[in-house]
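Report on the structure given below.
Any read-out appearing in this document is the output of simple, stated calculations on the displayed coordinates, not a laboratory observation. Only a predicted model underlies this, so the values are computations on that prediction, with no experimental measurement involved. No Cβ is skipped: glycine too gets one built from the backbone with ideal geometry, and neighbour counts run over all protein chains shown.
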Amino acid sequence: MASPFNPDFELTVALPLAEAAYDAANDIPLKLPDGYTKVAEITADTGKIAAHIAQAKPSQQILFRAMLLDVKKPHTFGIIAKNGDTVAVVFRGTQRAEEWLKDFDAEHVPYQPVAGFGTVHDGFQKIYDTTIASVKAGLSVCGARSRTVIIGHSLGAALSVLSAPDIARNAAQGNPPEVHSFAGPRAAGPDRGALSLFAEEFDKTIPACYRMVNRWDIVPHLPPAVMQFQHVGTAVGLDGGFTLDLARAHSLMLSYLPGLKHLVPQTAPRVFLARVA
């Protein structure tokens, strides 16, 4: 049974963990939600990065460079944290999306971790491939878990989507993993005309997937719908405040944090959820 959407969880747990993934990459002391402790860092395999970059198209090389630049520990792509029997797998992305939006492609390839699961964005999958061993190793030292939450921002949101079926099928424990993402681009590739087998299989496999979407952020609208990529799960619309500044609209702290605060007033809010392709 899917966990219901809880804006307080997104505000007090998911968003702080998403921010902590960036702090880990910048070697800043982590401010984790109450009860959570860091178990491991998600690190990218340097050999795989070199191999992918050597074979990648220029647009995919830009994606890798965006992940590796402007942080003190460039191969730290996230953290794994635990609170009791809850484990959080948290991917960072890039705070400055304009770096990789200049030459954004829409190549799609079969999803590698699970056979027959449709297609996904090739560049996102190449980045996720560099983290697989680290994610599995981190989960293996967490001990028993009944709840697995996967969190990501920006490119990290795409990684959270790609990791969820892999964890569900290849590192399962407890209930199906949940996805809680911020500012994520479309990751599910088209393979049935305008339809996506990956999106269909994902929604059957991962019952709880909530995507925070700031109305002023363009990243969740990419790749453009005309390229037939799709989102997965359930969109949660936020209003982080009008701005024409892409970096501000995409920022966790400057836009997604105030947007979430609007959903957690003194009285119980009515939250509109919509399946957005």
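Using the Cβ atoms and a cut-off under 13 Å, what net charge is assigned to the surroundings of residue 136, where Lys and Arg are +1 and Asp and Glu are -1?
Numbers: positive: 169; negative: 45, 129, 166.
So the environment of residue 136 carries a net charge of -2.
Distance check, please: which entries in 57/82; 48/261; 38/126; 73/136 exceed 30 angstrom between their Cα atoms?
Details: 57/82 37 Å; 48/261 39 Å; 38/126 26 Å; 73/136 20 Å.
Violating the 30 Å Cα-Cα cut-off are 57/82; 48/261.
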Item to complete: If a/c stays under 1.5 just call it rounded; otherwise compare a/b with b/c (prolate if a/b is bigger, oblate if not). Do that for the stretch 46-135, with a ≥ b ≥ c from the square roots of the Cα gyration tensor eigenvalues.
Response: oblate
Worksheet, complete the sentence: Ranking 56, 94, 26 by how far each Cα lies towards the positive end of the charge dipole of the stretch 26-99 (+1 on Lys and Arg Cβ, -1 on Asp and Glu Cβ), the top one is 56
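Report the antiparallel proportion of the DSSP beta bridges in the chain as a percent, rounded to a multiple of 5.
Working: 20 of 40 bridges.
Among the beta bridges of the chain, antiparallel pairing accounts for roughly 50 percent.
From the Cα gyration tensor of the stretch 184-262, with a ≥ b ≥ c the square roots of its eigenvalues, which class applies: rounded if a/c is under 1.5, or else prolate if a/b is larger than b/c, or else oblate? Could the numbers behind the result be given before it?
Working: a/c = 3.54, a/b = 1.72, b/c = 2.06.
Oblate is the answer for the stretch 184-262, as a/c is 1.5 or above yet b/c matches or exceeds a/b.
With charges only on Cβ, +1 for K and R and -1 for D and E, what is the dipole size of the chain about its Cα centre, in debye, rounded to 20?
Working: 25 positive and 26 negative charges, 42 e Å.
The calculation lands at about 200 debye.
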Worksheet entry | Among (1) 21; (2) 49; (3) 33, the entry that matches percent of Cα pairs over 30 Å apart as calculated here | (1)
Worksheet, complete the sentence: Highest mean packing first, using Cβ neighbours within 10 angstrom, the peptides 200-208, 83-91 sort as 83-91, 200-208
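Among 134, 255, which comes first, second and so on when ranked by fewest other beta-carbon atoms within 10 Å? Mind dumping the intermediate values first?
Values: 134 20, 255 26.
Fewest-to-most Cβ neighbours within 10 Å comes out as 134, 255.
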Practice prompt. With +1 on each Lys and Arg Cβ and -1 on each Asp and Glu Cβ, and nothing else charged, work out how big the dipole of the stretch 100-197 is about its Cα centre, in Debye to the nearest 20.
Written response: 340 debye
Discussion item. Contact order normalised by length for the chain, with contacts defined as Cα pairs under 8 Å and 6 or more residues apart; what percent is it?
Written reply: 18 percent
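If a/c stays under 1.5 just call it rounded; otherwise compare a/b with b/c (prolate if a/b is bigger, oblate if not). Do that for the stretch 84-160, with a ≥ b ≥ c from the square roots of the Cα gyration tensor eigenvalues. Numbers along the way, then the final one.
Values: a/c = 2.63, a/b = 1.52, b/c = 1.73.
Here the stretch 84-160 falls in the oblate category.
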Response to the item:
Given 112-121, 160-169, the highest-first ranking by average Cβ count within 10 Å works out to 160-169, 112-121
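What order do you get for 180, 231, 52 when you list them from fewest to most C-beta neighbours inside 10 Å? Can you show the working numbers first?
On the way: 180 29, 231 25, 52 21.
Final ranking by Cβ density, sparse to dense: 52, 231, 180.
Please give me, ordered by residue number, the trypsin sites (Lys or Arg not before Pro) of the stretch 22-81 that lie in loop per DSSP and have at most 13 other Cβ atoms within 10 Å.
On the way: sites: 31, 38, 48, 65, 72; in loops: 31, 72.
Answer in residue order: 31, 72.
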Practice prompt. Enter the Cα centre distance for the pair the stretch 165-199 and the stretch 237-261, rounded to the nearest angstrom.
Written response: 25 Å
Worksheet, complete the sentence: The residues 155, 257, 32, sorted from fewest to most surrounding Cβ atoms within 10 Å, come out as 257, 32, 155
